[in-house]
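Here is the structure we will look at.
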């Protein structure tokens, strides 16, 4: 089975020894996407809504680079720095993930660059 690694300039470059995404067979596995604006390399926004929108956009860019889309996402894992942001995060998340994929959402002590959220996805190709 062929394994392909994703590199697109429309999503932030990896900040460590990993790929933006890896596909194997008919599945795509994205790395966690934090709210970094790929054009500037800076964190996009200060609120959970702003940061969630950028994280969603970064996931979308990786999906698009692989010829798939949000409606083909089958599972997401979401990480929040503060579970009190859950409702606001969900409102933004629901705008893109309209197919309602399976999901886990957990609060973590700290995220890279001290951002408020991170999203990873598994999608069909």
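Numbers for the structure displayed
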{"quantity": "Residue among 25, 16, 60 with the largest mean-square fluctuation in a Gaussian network model of the chain, springs linking Cα atoms under 10 Å", "calculated": "16"}
{"quantity": "Within region 43-64, backbone nitrogen closer than 19 Å to the virtual label 7 Å beyond the Cα of residue 5 toward Cβ", "calculated": "62-63"}
{"quantity": "Enclosed volume per residue, in Å³, of the convex hull spanned by Cα atoms of region 3-124", "calculated": "92"}
{"quantity": "Packing-based exposure ordering (other Cβ within 10 Å, fewest first) of 85, 71", "calculated": "71, 85"}
{"quantity": "Debye log10 I(q)/I(0) for region 4-62, one point scatterer per Cα, at q = 0.15, 0.24 Å⁻¹", "calculated": "-0.42, -0.93"}
{"quantity": "DSSP bridge pairs, the chain: antiparallel proportion in percent, nearest 5", "calculated": "75"}
{"quantity": "Sorted by Cβ neighbour density within 10 Å, fewest at the top, the residues 103, 53", "calculated": "103, 53"}
{"quantity": "Of 79, 97, 29, the one that fluctuates the most in a GNM where the chain has Cα springs shorter than 10 Å", "calculated": "97"}
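Every number in this text was worked out from the coordinates using simple rules, so none of it is lab data. Quick caveat, the model's predicted, so the values are computed rather than measured. Glycine also receives a Cβ, built like all others from the backbone with ideal geometry; neighbour counts cover every protein chain displayed.
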